[in-house]
2 protein chains.
Amino acid sequence: MTSNQPSTALLTDHYELTMLASALTDGTAQRPCTFEVFARRLPDGRRYGVVGGVQRLVEAIESFHFGQAELDALARTGVVGNQALDWLADYTFRGDVDGYPEGELYFPGSPLLTVRGTFAEAVLLETLVLSILNHDSAIASAAARMVSAAHGRPLVEMGSRRTHETAAVASARAAYLAGFGSSSNLEAGRRYGIPTMGTVAHAFTMLHDRELDAFRAQVQALGANTTLLVDTYDISTGIARAIEAAGTELGSIRIDSGDVGVLARQAREQLDRLGARNTRIVVSGDLDEYAIAALRAEPVDAYGVGTSVVTGSGAPTASMVYKLVDVAGHPVAKRSEHKESRGGRKLAVRRHKDTGTALAELVFPSAGPRPTPEPGDRELQIPLLREGKPVDGLPSLTDSRQRVREALISLPWEGLKLSKGEPAIPTTFLDEQP
Amino acid sequence: MTSNQPSTALLTDHYELTMLASALTDGTAQRPCTFEVFARRLPDGRRYGVVGGVQRLVEAIESFHFGQAELDALARTGVVGNQALDWLADYTFRGDVDGYPEGELYFPGSPLLTVRGTFAEAVLLETLVLSILNHDSAIASAAARMVSAAHGRPLVEMGSRRTHETAAVASARAAYLAGFGSSSNLEAGRRYGIPTMGTVAHAFTMLHDRELDAFRAQVQALGANTTLLVDTYDISTGIARAIEAAGTELGSIRIDSGDVGVLARQAREQLDRLGARNTRIVVSGDLDEYAIAALRAEPVDAYGVGTSVVTGSGAPTASMVYKLVDVAGHPVAKRSEHKESRGGRKLAVRRHKDTGTALAELVFPSAGPRPTPEPGDRELQIPLLREGKPVDGLPSLTDSRQRVREALISLPWEGLKLSKGEPAIPTTFLDEQP
């Protein structure tokens with residue numbers, strides 16, 4: 001996000017401003033409050049979630065202020081009156097934010113973000129916080145399963161066309177966070193330094209009078225190390241022409257349709273027969289984590305993944321909520337019949353065996369008591385903002401990629417299963433213990 | 001989209017630029033081409049789709065140009081070489097675009113957008129076109145089903161927190177297009193003039209020492225016509241306090257959890273007993289089109305819909321594709337085994353009975369022959385851009401809302417069913433007829 005990025009302040013629900021206006025009338029706006037972000041459950045029987053979007057959120061909070069354009073819009077539509085407008089004109093978030101670092105795993109009830117400030121300043125951030133974390137975590141969580149299913153083979157994110165045009169940029173980032181090697185999205189390359197890749201679509205072959213002409217033009221422009229798309233017409237003819245155009249030093253072929261497992265095997269045999277033993281096989285076309293896993297025994301060198309990753313593979317949102325848990329030092333919680341929440345600010349440690357395998361997510365009141373420390377405990381929250389300013393030395397995207405990798409290695413092996421089941425480790429709330 | 005909106009040019013897949021670079025080497029870049037957008041199928045057994053995002057697309061095409069920042073990014077990462085960079089520096093789309101007007105229904109194979117230009121200028125738009133149409137159409141299509149299920153009762157879109165922060169703005173717009181009455185998203189209000197609404201979250205009640213204090217503060221700030229959220233603690237106590245704070249002229253109560261049908265009935269009885277006969281009941285909390293339909297017999301006055309609408313209620317993307325169908329006047333099509341497409345530019349008319357009920361989507365080659373005209377035929381494509389400039393008098397968002405309403409009325413009654421089934425009307429490809 002650059003300095004000329006427009007304000008994020010109206011990426012907000014109307015009700016946050018009417019709450020502000022109402023709380024200003026009786027002075028409660030200034031009460032010190034703590035809000036907590038957590039997910040009540042993991043979607044779809046998933047075993048873990050990956051926290052995504054933290055760095056984007058820190059930047060978005062910094063550019064959350066009400067300029068004249070935003071104030072005029074609010075005044076014109078009468079969303080709030082003058083008292084609130086005056087207050088908003090001076091608004092900067094000056095509170096503290098702690099949270100799970102980006103790339104950390106989370107489980108049901110993990111206190112993955114804690115926002116402390118006055119009610120007024122903290123309530124305004126609800127929508128922005130949730131939009132960013134829910135979206136990026138949904139994509140990162142799906143992507144991590146694909147990375148795990150690919151078992152070390154590289155993955156390319158190529159789903160931009162299947163999601164909103166700027167959500168696509170964040171999706172590319174979240175997939176990369178989770179371990180994808182590259183993306184097709186050029187803005188993600190520019191903005192986040194993510195490696196981008198891509199060669200041609202079927203249109204490029206069809207543009208030419210003959211498939212061979214298309215391959216020759218591509219090799220001339222991009223070199224023999226390029227990826228030729230061989231399934232516009234007949235695949236085995238396509239492969240023969242590809243080698244004719246590029247020679248046996250051809251970098252890769254891509255197969256985008258059909259039973260890609262069978263086709264990959266046939267393609268490997270044909271390439272080897274033609275002497276192109278180092279030419280890689282890239283497959284794409286409606287792949288998700290299950291299809292990727294099913295291709296493990298096939299001679300596939302890389303996967304291109306589109307729709308499934310940018311839509312969270314069936315879970316397009318992480319369903320995180322932003323709940324008020326403390327007012328002026330007093331725990332608060334909603335107590336209606338059907339949605340119960342735990343009051344009070346909470347912290348968490350992840351407990352591990354001596355071998356490094358995770359055992360449990362221990363969640364406890366920040367006011368104590370803490371769980372009796374054990375050697376394998378790891379504190380999960382880190383400071384993100386202090387008095388509204390980002391803390392120095394926040395993890396980079398590279399750090400966060402490393403964190404995902406390490407965290408996944410720490411899961412018990414059942415926790416990496418793709419099938420539906422229980423969370424990889426249980427969440428234990430220490431206030432509930434006898 | 002305002003004039004200081006950043007360029008949309010890098011919201012693009014890497015491969016479009018490498019195709020450009022390759023096509024420049026052999027002169028095919030200048031071949032006149034036609035690309036067509038269509039969906040092979042409707043998701044999930046849906047009966048119809050709603051075209052969304054056309055106005056946003058027209059604006060995004062206008063701001064699609066490569067400035068120094070974009071060119072520097074491409075040069076730095078070596079995406080393309082100097083020949084392509086020079087070409088891009090001068091790029092403006094100068095072609096023609098025709099398409100279904102926003103709010104029109106579409107069916108499998110409907111030629112809902114046609115882009116004509118040189119290969120180079122038209123291929124570059126693929127990702128942007130698809131991102132916008134796939135996202136906005138997915139949301140509009142889900143939203144239309146909810147509007148239909150609500151049977152005239154108003155719907156409020158409140159899903160911003162469940163989707164990417166700028167996708168949220170487009171989602172609010174798409175839901176409004178499909179007939180939602182308002183949105184919680186303030187930026188959608190500012191940018192598109194969509195009515196926004198919202199009052200308070202549970203946090204506002206919990207901020208206060210007593211529920212009654214919260215209600216009084218809200219009534220003081222927002223007037224008795226506000227909506228009081230009554231389910232933070234006990235609902236019937238909440239309703240009694242709401243009337244105590246606001247009087248029997250209270251505008252609405254909102255119930256956000258539990259079995260909202262049962263609770264709405266109990267609330268209606270209690271409100272009537274208290275003399276608040278005109279106080280409306282708004283329900284929210286994980287509603288989708290099925291839940292809305294199930295509430296038809298209950299005393300609900302309005303629905304707040306979040307997650308399900310912004311995630312397309314199970315179909316977060318419309319799966320539209322952008323296919324090259326004509327090169328220099330010659331129809332082209334991919335002919336590999338598994339994904340077959342029809343070559344040549346196509347037009348469509350929707351045929352209707354005398355009563356106005358739609359009968360079929362007739363798709364035919366623009367080169368002819370046309371279907372024999374009948375009185376109930378309606379031509380579906382309209383000009384959107386000519387020589388790269390938006391056509392005068394394109395439909396406004398208000399026009400497009402009206403179009404959705406009218407189009408839905410024209411469907412055979414089976415076409416409005418929520419259950420899975422066949423498209424409401426068949427798509428007939430006239431080139432296939434004997």
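The values are calculated or read from the model by the stated rules, or taken from the named source; none is laboratory data. Bear in mind the structure is a predicted one, so any value in this text is a computation, not a measurement. Positions of Cβ are generated from backbone atoms using ideal geometry, with glycine treated the same way; all protein chains shown enter the neighbour counts. Just the protein is used for accessible areas: all its heavy atoms, side chains included, with ligands, DNA and RNA removed. Shrake-Rupley method; radii C 1.70, N 1.55, O 1.52, S 1.80 Å.
Between this copy and the others, label points of B:Asp44 are 1.3 nm apart in ascending order, each placed 7 angstrom from Cα in the Cβ direction. With its label point defined 7 Å out from Cα along the Cα-to-Cβ axis, B:Thr237 lies at 7.8 nm from the matching points of the other copies, in increasing order. Within the shell of other residues whose beta carbon sits under 13 angstrom from the beta carbon of A:Arg56, the net charge comes to -3, with Lys and Arg scored +1 and Asp and Glu -1. When Rg and the Kirkwood Rh are both derived from Cα coordinates, the Rg/Rh ratio for region B:150-217 amounts to 1.09.
Per residue of B:205-213, how many C-beta atoms from partner chains lie within 10 Å of its own C-beta, taken as a mean?
So the per-residue partner count for this stretch is 5.
Every helix of 4 or more DSSP H residues in the protein assembly as shown counts as -39500 (n - 2.57), and over all residues that averages to -10500 deg cm²/dmol at 222 nm. Take each residue in B:70-76, count the other chain C-beta atoms within 10 Å of its C-beta, and the mean is 2.
Karplus-based coupling profile of region B:251-266, in residue order and whole Hz: x, 8, 10, 10, 10, 10, 8, x, 7, 5, x, 4, 5, 5, 5, 4, with θ = phi - 60° in 6.51 cos²θ - 1.76 cosθ + 1.60 and x standing for Gly or Pro.
From the largest down, region B:296-434 spans 60, 40, 36 angstrom on the principal axes of its Cα atoms.
Relative to the longest principal axis of the Cα atoms of chain B, helix B:14-25 runs at roughly 20 degrees. Computed over chain A, the P(r) curve from all C-alpha pair distances, binned at 20 Å from the origin, holds 24, 47, 23, 5, 0 percent per bin.
Between the C-alpha center of region B:190-236 and that of region A:365-393 there is a gap of 33 Å. All other residues whose Cβ lies under 15 angstrom from that of A:Ser400 are scored, Lys and Arg at +1 and Asp and Glu at -1, for a net of -1. Taken over the C-alpha atoms, the protein assembly as shown has Rg and Dmax values of 27.6, 87 angstrom. Nonpolar atom fraction for the protein assembly as shown, defined as the carbon and sulfur part of the 1.4 Å probe accessible area, stands at 49 percent. The count of lysine pairs in chain A that are at least 8 places apart or cross chains, and whose C-alpha atoms lie under 24 Å apart, stands at 8. Taking amide hydrogens as placed 1.01 Å from N in the peptide plane, the amide H of A:Ala367 sits under 5 Å from that of no residue at least 5 positions away in sequence or on another chain.
For a test of the definition: using alpha carbon positions, the gyration tensor, and the 1.5 limit on a/c, classify region B:1-80 as rounded, prolate or oblate. Judged from the Cα gyration tensor, region B:1-80 comes out oblate (a/c at least 1.5, b/c at or above a/b).
Database remark: amide H of B:Lys389 closer than 5 angstrom to no amide H (H placed geometrically; neighbours at sequence offset of 5 or more, or on other chains; Pro and chain starts carry no H). Per-residue surface analysis assigns B:Asp13 an accessible area of about 10 Å², computed on protein heavy atoms at 1.4 Å probe radius. For chain B, the solvent-accessible area works out to 37 Å² per residue, with a probe of 1.4 Å and every protein chain left in place. With an a/c value of 1.5 or above and a/b larger than b/c for the gyration tensor axes a ≥ b ≥ c computed over the alpha-carbon atoms, region B:218-326 is described as prolate.
Of all the options B:Gly52, B:Gly152, B:Gly388, the one that moves most in a Gaussian network model of chain B with Cα springs shorter than 10 angstrom is B:Gly152.
Take each residue in B:310-321, count the other chain C-beta atoms within 10 Å of its C-beta, and the mean is 4.
Normalised by the number of residues in region B:145-313, the mean separation of alpha-carbon contacts (under 8 Å, six or more apart) gives a relative contact order of 27 percent.
What are the residues whose amide H is under 5 Å from the amide H of B:Thr428, where those residues sit 5 or more places off or on another chain and H is modelled from the backbone? Those qualifying (amide H under 5 Å, at least 5 residues apart or on another chain) are B:Glu361, B:Leu362, B:Val363. Between B and A, roughly 7500 Å² of accessible area is buried in total, ligands, DNA and RNA not counted and the probe set to 1.4 Å. If you sort B:Arg405, A:Arg350 by accessible surface, 1.4 Å probe, largest first, the order is B:Arg405, A:Arg350.
Note on region A:354-434: Kirkwood hydrodynamic radius from all Cα pairs is 15.4 Å, rounded to one decimal. Exposure check, 1.4 Å probe, all protein chains in place: A:Asp288 carries approximately 40 Å² of accessible surface. Taking 18 Å as the cut-off, the amide N atoms of region B:20-57 that come nearer than this to a point 7 Å along the Cα-to-beta-carbon line of B:Asp399 belong to B:51-57. In sequence order, region B:155-164 has phi-based couplings of 10, 10, 7, 9, x, 3, 5, 9, 8, 3 Hz under the Karplus curve 6.51 cos²θ - 1.76 cosθ + 1.60, θ = phi - 60°, and Gly or Pro positions carry x.
Sequence-ordered 3J(HN,Hα) estimates for region B:395-403 from the Karplus curve with 6.51, -1.76 and 1.60 and θ = phi - 60° stand at x, 7, 4, 5, 4, 5, 4, 5, 5 Hz, glycine and proline given as x.
For every other residue with a beta carbon closer than 11 angstrom to the beta carbon of A:Thr118, add +1 if it is Lys or Arg and -1 if Asp or Glu, then tell me the sum.
Values: positive: A:Arg31, A:Arg94, A:Arg116; negative: A:Glu121.
Summing Lys/Arg as +1 and Asp/Glu as -1 gives +2.
Against chain B, whose longest principal axis is taken from its Cα atoms, helix B:126-150 shows a tilt of about 30°. The modelled label-to-label distance between B:Val391 and B:Arg335, using points 7 Å beyond Cα along the C-beta direction, is 3.4 nm.
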